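Only the coordinates and a few stated rules stand behind these numbers; no lab work does. All values derive from a computational prediction rather than experimental measurement. Cβ atoms come from the backbone with ideal geometry, glycine included; neighbour counts cover every protein chain shown.
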Amino acid sequence: MSTSLSKIEKRTAYTLLLPAVCLVFAIILFPIFANVWISFKEVGLKDIRIPEPRAKKIIKNIKDNNSELIIIYKLRNSSLVQDIREVRFSDKLPKNIEPINLDKRCEFKSSKVKCFFGNWDAGYRENFEIFVKDLNNNAIDSQYIKSNKPDLNGKSNNILLSTDFTLKNFKNVFMNNNFLELLMTTFYFTFFGTLGAILLGIFAAQLVNQKFYGRTFMRSILLFPYVGPVVALAYTWTLLLDPNSGIINSLLVNYGVIEKPINLLGQKYLIINILGFELKLRLALTTVIFFEIWRYFPLAFLFILARLQAIPKDLYEAADVDGAGPFRKFFYITLPQITSILSILFMIRFIWNFNKFEDIFLLTGGASGTLTLPISVYQQGFAVSNIGMGSAVSIVIVLLLITFMIIYFKLIGKKANEI
Amino acid sequence: MKFKSLIITVFASSIFLTTIICIWKIISTLQGLSFTSLNLNLNLLLSLGLTLICIFIGNKFNHILKILILSSSFTILYTFLNESSPLWFSGGIFLLILFFTNVLRKYDFKYLNQDFISEIIVFEFLSLFAIIFFALVILFPFYIMFVTSFKTQTALLINPLDLSIDFSKNIIEIFKSYFVIFKTYDFGRYILTSSYVSIGTVLITLLFAIPAAYAVARLNFFGKTFLSTSILIIYMFPAIVLVIPLYTVFSQLGLRNSVEGLLIVYTATTLPVAIYMLQGYFKSIPKEIEEAGLIDGQNWYGIIIRIIIPLSLPAIASVSLYVFMIAWNEFLFSLMFLDNPKTFTLSRAINHLTGDAETPRQYLMAGSVVVTLPILLIFIYFEKYLVSGLTAGSVKG
């Protein structure tokens, strides 16, 4: 009895899980593995469109009473790189209408014209004509003929399914002189973005954890940067920081803080002179990091606030009795209570920031020294149109991510489950 | 002790007053007033004087009378000493000083005599600074986005700092950017597409996630622990590594440029976190309720529909709002998959607007307001649910 019940339970569990697991497998796991496959191939963006035989129909009258027509099919191979084999063609003609002097490649059967065109090379074009005549010498409805779409099909090689592999993509990724810089930029961005967001999150959480007038309002607006759509916020910031007529530059010039506007998003380095030492600051990268901090500190804030509110009140009451001031309370009670959560938060936010694409893409597009790994995937795959290279960079990201996750689970995986 | 705390109070509070006056001045500059100097020294001196007077008077008089007299006299002094400015600017200064003197109410000599008072004072003023800082840093871009959408191209070129809305124009002129983006740029259609995609994603995600979450939370089956850990790991994989294979496969299947393609991808990417959040809530429902249902002859499906779903409506609400937000704000996949303006979502449409360098910025900002406003309103209205969704979704995954 009990075994059959557990069998039913198992079966139910699998049925309930099946749709979700299938979908996740198809859209998330399959692409990750497909990346491996594509990264070993030389594939460009233009190669992935399956070549199709296409036809455009044009109709010409030859007789005044419209009883004879020429139908011109502009035939072409949609791909400029790949052949199509065994192209077959068929088109339907209305009743009582028949072709005259039909091409050798074609035959006419039960009011259908069927042709076999054989092989079409890449970029093949042909104007194929059929003369048709109404058997009863009536006018032919040319609109009707035009509305009939011909059927075309053929065989072609799918470059993605072939088994030619190459190591060229990985060679290009790793041998590239800029690879080290790419990696360093990604780590700068990730590390400082995460650190800044967490620090700001601690401040914000500590603030909202106190009682003051307008506290609920403050808590809501603190989440705005994250809740708002990234497209709108990134463009607003681009506008604010614009060197020509951006508000921030105009204000600074207006109040005499700077003499000339600074292109905060378009300038790679800012040279600062401190006591004779020349310091090169990655300006655009710094600006992007600040945007990143601005947009993602709400998440750190939320999580830290939840932890702060769980700290037992009597700890603070005891501190009050001992006569500790607010700073002492913060450093000796609050901070030790939240360190474990901060380490988890840091790891997770690190992984997430490492993958951030939209923010940098919308602000600078990866220009002026802000090229990170995710942006590089896009650039290789879609700007340079080299899908294989893009996949190879994706593989680098996945491998690094797996490393981070292993570190994460080794270090604090157990703690994470307790919270 | 008393002297030290007095000095700290005076300095902290006068810096605070100077800061808020400066911020008010900068905001007024954006309303078209042509200030070119913040007059920091003068402001600091005035604030110092005001603080000292406030503390020395203490609570000897009626509080309201005191702050009214102090603020009006200092406002007049301020206006007299600074460059000429319209009445509303002075009104703002008056309100700021009123607020400030009210804050200073508790700082009398008795208060300053407490233990550890200097630390407390620094902490209190730091909090005040933090409130101003966060409010400014967060709201300023939203404010700029909003007001820029009401300007015209020529006005912005003449004076980029003047963001005041000209109310003397008729209402159609003021809202012109909005009319243009709806008429010329077809934003009505994009709003519909975005809503359709977001609501569709929520419904399909729930349809798939509720049964799966129930199975993970309640039923025993082979591979359960493996599945529940892999949910989180899968959620960590970013969209950017999925994009190239999905792009190639979707191109070959003809799913690019279709809303259905987006629906599938959005659902799959939000499913892990939805399952994770729901199963956590399902586990907290007492088992006895379900057992009662089993005895009544319900099968598993009946239990899910009649018992689990009605009991976990709050969790379902937060998952729905979270998923809605993700789908509404999503950009990467809509950028990759959609190139036909007929299938654009709002985010993609705004990105498309910037592709043309000629597009005036007020149209861009009007579009941004159109995409931002709904999600902010939803957030404000359902804050409680969305916050719990955000907390679980952002950090656990």
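Across peptide A:333-343, the mean count of Cβ atoms from other chains lying within 10 Å of each residue's own Cβ comes to 0.
Over segment A:158-294, the alpha carbon radius of gyration divided by the compact-protein estimate 2.2 N^0.38 Å works out to 1.48. Charge tally around B:T201: other residues with Cβ under 14 Å, Lys/Arg +1 each, Asp/Glu -1 each, net -2.
Between the C-alpha center of segment A:77-132 and that of segment A:330-390 there is a gap of 54 Å. Other residues with beta-carbon under 13 Å from the beta-carbon of B:T248 carry, at +1 per Lys or Arg and -1 per Asp or Glu, a net charge of +3.
Cysteines of the protein assembly as shown lacking any other cysteine Cβ under 4.7 Å from their own Cβ: A:C22, B:C22, B:C54.
Here the convex hull built on the C-alpha positions of segment B:182-395 has a volume of 145 cubic angstrom per residue. Remark on segment B:51-209: hydrodynamic radius 21.2 angstrom, per the Kirkwood mean of 1/r across alpha carbon pairs. Over chain A, the ratio between the Cα radius of gyration and 2.2 N^0.38 Å evaluates to 1.52. A cut-off under 15 angstrom between Cβ atoms defines the neighbours of A:K56, and their net charge, with Lys, Arg +1 and Asp, Glu -1, is +3. Taking only the alpha-carbon positions of segment A:177-385 and ignoring solvent, what does the Debye formula give for the base-10 log of I(q)/I(0) at q = 0.10, 0.11, 0.16 Å⁻¹? Cα-only, vacuum Debye calculation for segment A:177-385: -0.56, -0.66, -1.13. Look at the stretch B:207-220: the mean tally of other chain Cβ atoms within 10 Å of its residues' Cβ atoms is 5.
Report note on the peptides A:298-309, A:169-180: ranked by the mean count of other C-beta atoms within 10 Å, highest first, their order is A:298-309, A:169-180. Within chain B, helices built from complete DSSP H runs that reach 30 Å or longer along their own axis (Cα positions) and carry a mean Kyte-Doolittle hydropathy of -0.5 or higher are B:2-29, B:117-148, B:187-218, B:259-284.
Rg and Dmax of the protein assembly as shown, both derived from C-alpha coordinates alone, stand at 33.2, 117 Å.
The alpha-carbon atoms of segment A:51-155 define a convex hull whose volume equals 84 cubic angstrom per residue. When the P(r) is computed for segment B:195-268, the part past 17 Å accounts for 58% of the Cα-Cα pairs.
Please identify the DSSP H helices in chain A that span no less than 24 Å along the helix axis (Cα) and have a mean Kyte-Doolittle hydropathy of 1.6 or more. Passing helices, by number: A:179-208, A:283-308. Over chain B, the pair-distance histogram of Cα-Cα distances with 10 Å bins from zero comes to 4, 16, 19, 17, 17, 15, 9, 2, 0 percent, rounded to whole numbers. Taking 18 Å as the cut-off, no amide N atom of segment A:281-299 comes nearer than this to a point 7 Å along the Cα-to-beta-carbon line of A:S343. In plain terms, the bigger the Kirkwood radius, the slower the diffusion; for segment B:272-397, with that radius from Cα pairs, at 25 °C and 0.890 mPa s, Stokes-Einstein puts D at 141 µm²/s. Rounded to the nearest 0.05, what FRET efficiency do A:S162 and A:L270 give with R0 = 45 Å and r taken as the Cβ-Cβ distance? Could you check? FRET efficiency, A:S162 to A:L270: 0.35. Separation of segment B:307-347 and segment B:90-159, taken as the distance between their Cα centroids, equals 36 angstrom. With all projection directions averaged, the alpha carbon convex hull of segment A:1-93 covers 13.6 nm². The mean number of partner chain beta-carbon atoms within 10 angstrom of a residue's beta-carbon across peptide B:107-120 is 1.
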